[in-house]
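Working notes, beginning with the structure itself.
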Amino acid sequence: MAKQTFTTGQVLSAAQMTSLQQTAMGGGSTTAKTTSYVLVAADAGTVVQMNSASATTITVNTALFAAGDTVQIQNVGAGVCTITAGTATVSTSAVLTLKQYDGGTLYFNSTSAAIFFSSDAADSPLTTKGDLFTYSTANDRLAVGANATVLTADSTTATGLKWATASSGATGWTLLNAGGTALTGAATITISSISAKQIMVLVLNASSTVASAAMYIRPNSLTTAIYDAFGNAGNGSSTYSGSTIFDKRCLYQSSNGIPIGDMPNAVTGLVGGYVFIDKTDQTGYKNFTASGSGADNSGSSTGEVIYNLGGILEMSAAVTSITVATTSGNFDAGTVYVFGAN
Amino acid sequence: MTKYVEKIFDIETGEETIRPYTAAEVAEMENNEAELKAKLATIHAEQLAKDAARQVVLDKLGLSADDIAALLG
């Protein structure tokens, strides 16, 4: 029953009482519409029902309704019906776009402000098998990922989620600098852009333009005093024999790097060395082992100097490069191989 | 270009670049080389002195170095 102003002594008919009852139950007389419509004052207390196959609007203007007036709005047509604020304001926590069979109550707080209380439950955004219900700036769906992928947090996506390949377990060793890198012609050779959890460095057939030049391995080219090692760094006499006594050092600290040999000159002999470093993808303490051979103090090829060390590095960054360096002269032969494993 | 360089091989790009040593690095290398040569010269001189002293003893005994090696086995 449309809103009325009753007068004293007015008598209502049975039909009017029935209509009044229907309105009280949230139903009541219906003004069926088939095209876009602008609410009028007489719609207060009635049901405005839209039935159109096309998109339509129901417009709400000010100065037509009083505080406390209500209008029931229903959309029974296939076209979407949108409740549109004309000169009045319309607030809602739901949506003002009504699909077929959506509806709700337009309640006027004042002559110029209404609230639309939707009777429709929030629409599910899910459409496809495997979809996940999530949220971006509104209810949203995350489509199922590829087989064997896992759900992963990612703040760069709209929903904060993505599907990603699960991290793999440990892998075997890979030669990072394919074919090795020649040392010839340089005093320092750096292999960069390394990303590995463990690193092995192998230097083969090295020699130097300066007799007895020392050879070092440096992670991240560091020459600060971060290397502590226990082991043998043995120097023999100039004439190698089975009874040569080596000078055994128990604690070796160096700011040049990890020593792996003293080189002969002019390719009269060749030496090599090996270093293994663990936890290279992390900061902090790392274990290393090293061994290498070297020429004697006169620079001959008898390889009397032997390094056999194990020790600790303390680093403030992951290892991303390995440097082979000599402190005197240039390398005139040799190859470095850098292996990585994850 | 200085006679000392750093060769940098980037395993991601496969590119190799050459960086000449700075003046400070060159000075350090030349200093290291001079110290090493001085050390080797000292060691060589000491070894020559030892060899000379050994030969004096061998001459007194009337033996050669091969004789000593045969005796010691």
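The values are calculated or read from the model by the stated rules, or taken from the named source; none is laboratory data. What you are looking at is a predicted structure, and each value in this text was computed from that prediction instead of being measured. All Cβ positions, even for glycine, are placed from backbone atoms using ideal geometry, and neighbour counts span all protein chains on display. Heavy atoms of the whole protein, side chains included, go into the accessibility calculation; ligands, DNA and RNA do not. Shrake-Rupley method; radii C 1.70, N 1.55, O 1.52, S 1.80 Å.
Some observations on this one:
- Counting only alpha carbon atoms, the long axis of helix B:23-61 and the longest principal axis of chain B meet at about 10°.
- Heavy atoms of chains B and A lose about 1800 Å² of accessible surface on contact, summed over both sides with a 1.4 Å probe.
- Within a straight-line Cα-Cα reach of under 15 Å, B:Lys60 can be paired with the following aspartates and glutamates, leaving aside sequence neighbours fewer than 8 residues apart in one chain: B:Asp51.
- Anisotropy class of the stretch A:1-141 from Cα gyration tensor, a/c 1.5 cut: prolate
- Here chain B is treated as a Stokes sphere of Kirkwood radius computed over C-alpha pairs; at 25 °C and 0.890 mPa s its diffusion coefficient rounds to 145 µm²/s.
- Share of alpha-carbon pairs per 10 Å distance bin for the stretch A:107-151, given as whole %: 22, 31, 21, 15, 8, 3
- Positive minus negative residues near A:Ala196 (Lys, Arg vs Asp, Glu; Cβ under 13 Å): 0
- Violating pairs (Cα-Cα greater than 29 angstrom) within the set A:Lys286/B:Lys37; B:Lys7/B:Lys37; A:Lys129/A:Lys197; A:Lys99/A:Lys162; A:Lys279/B:Lys7; B:Lys3/B:Lys50: A:Lys286/B:Lys37; A:Lys129/A:Lys197; A:Lys99/A:Lys162; B:Lys3/B:Lys50
- The antiparallel fraction among DSSP beta bridges confined to the stretch A:34-118 stands at about 45%.
- When the helices of chain B are scored as -39500 (n - 2.57) per DSSP H run of n ≥ 4 and the total is divided over every residue, the value at 222 nm lands at -22500 deg cm²/dmol.
- Heavy-atom accessible surface of chain B, averaged per residue, reaches 72 Å², computed with a 1.4 Å probe.
- The packing ranking, built from the mean of other Cβ atoms within 10 Å per residue, places the peptides A:61-72, A:319-330 in the order A:319-330, A:61-72, highest first.
- Overall form of the stretch A:72-193 per C-alpha gyration tensor (a/c, 1.5; a/b vs b/c): prolate
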